[in-house]
1. Please find, in a Gaussian network model of the chain (springs between Cα atoms separated by less than 10 Å), the residue of 296, 267, 322 whose mean-square fluctuation is greatest.
2. Give the residue from 93, 24, 107 lying farthest towards the positive end of the charge dipole for region 10-169; charges sit on Cβ (+1 for Lys and Arg, -1 for Asp and Glu) and the dipole is referred to the Cα centre.
3. Looking at 122, 165, 135, which one has the Cα that reaches farthest to the positive end of the dipole of region 86-171 (charges on Cβ: Lys, Arg +1; Asp, Glu -1)?
4. Local charge sum around residue 415 (other residues, Cβ-Cβ under 14 Å, Lys/Arg +1, Asp/Glu -1)?
5. Give me the extension gain from residue 372 to residue 357: residue separation times 0.36 nm, minus the current Cα-Cα distance, reported in nm with one decimal.
6. Based on C-alpha coordinates, I'd like the Rg and Dmax of the chain, in Å.
7. Calculate how steeply helix 14-34 sits against the longest principal axis of the alpha-carbon atoms of the chain, using the helix alpha-carbon long axis, and give the answer as 0 to 90 degrees to the nearest 10.
8. Treat the count of other C-beta atoms within 10 Å as a stand-in for reagent exposure and order 141, 206, 271 from fewest to most.
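What follows draws every value from the coordinates through simple rules; no lab data is involved. Predicted model, so just to flag it, every value in this text is computed and none were measured. When we count neighbours, we look across all protein chains shown, and the Cβ atoms used for this are built from the backbone with ideal geometry, even at glycine.
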Amino acid sequence: MTKPLRLGVAGLGVVGTGLVQLLQRQGNALGVRAGRGLSLAAYSARRKRDGRAEIGDALYYDNAVKLAAEGDIDVYVELIGGADGIAFESVKAALQRGVPVVTANKAMLAAHGLELARLSEAHDAPLFYEAAVGGGIPVIKTLRESLAGNAIERVSGILNGTCNYILSRMETDRLPFDACLAEAQRLGYAEADPSFDVGGFDTAHKLAILTSLAFGSKIDASAVSVEGIESITLADLVAADELGFRVKLLGVAERTPHGVEQRVHPTMVGKSAPLAQIMGVLNAVSIAGDAIGELTLVGPGAGGDATASAVAADLIDVARGTRLPAFGRPAASLSDADRVPMQRHEGGYYVRLTVVDRPGAMGAIAARFGERMISLEAIMQKRATRESAAAGVVPVVLMTHGTTEALIRDALARTLEEGVVRERPQVIRIEREAV
């Protein structure tokens, strides 16, 4: 009889506990699918036993690096988190020893993915990370295996449930950003310090991983242009609704004439598009390939059970003896990531302006846009509030046809210089295709 796959699990937080509970519930079925049983042989956690997970006779290690380097295990499961420190050191120790690794750590992969891929190949120790992007959505396997016969043109997605929840609540309940963020924190969807999520950095890490898989580039999170949702107001969501759009924080990687753009920012998405339908804490990823056209994967992007499900799928692959390059091709063949400046981005734009209420102001704005050959698709003068009327300004929303980031920014800078616009203009990019 084939011996069980002996697991060494580092981290018994929400995901680690969820994995242990999943093994208890589904143990026999997982063994049948994997071709051998899955057994928790050893673990490392802050405390030896805390009652959150039944760990049986598994050996306890107070140091995860020691577990990875010396434990009597067949696979090391890293669920500690963090780009560096003990998580990174323990994963390196396991790979150098020739032990396969399963991780959910997107920050570590974004920072050290190439180094880990090289270690994986050098020591014939597979590196699996389905749970690092999209929670329970099988997007890593889809890109690395199922779509290996495609030339990928674009990957775009809602990759952070915290941001999607906040934007959804703002839209549906007409609540301001701060109120929705506070509610997300109360429900456990947002951390006490939410800047990593709402600032777009969590999405950027995940996008960097997907870009490597889709386009064969070295992971480089610094090549991603990042904007968060902190500046989005209720006025923007109301205007988007009136114009037939929803605002979503998207991560987008796509081929352009200038190279592969990697960008994270709030985006106007047409209401009929698949990604516009994703509300609450759900995640979704749309992939466009030359052979399959476009497909969209939707599911829970976080949570113990959903993430544990992805970890278990990787463990089954390890048990089956699956051997794959970490990023779908040998590490030596990965190219340097393109660094396409955001100024070269081309597309439509939503612009919200606070315009001085005086004759000729709109004419001056139109002239500055016209000088840069920016064609306006729509102009909406919003009803002035008591505060804006008292300040002598009028809210105005513009929508442009296709142009470039550089031209939009230049035109807006000139309007500010001329004094016809007060406050910093709000600019949101419009995605009209492939979403």
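1. 322
2. Looking along the dipole axis, the top candidate is 24.
3. Going by the charge dipole, the pick is 165.
4. Working: positive: 352, 358, 368, 372, 409, 414, 422, 424; negative: 371, 410, 417, 418, 423.
In short, +3.
5. Details: separation 15, 0.36 × 15 = 5.40 nm, distance 2.38 nm.
Once the chain is fully extended between residue 372 and residue 357, it gains 3.0 nm.
6. 24.1, 87
7. Result, in degrees: 60.
8. Values: 141 18, 206 28, 271 12.
By the 10 Å Cβ count, ascending, the order reads 271, 141, 206.
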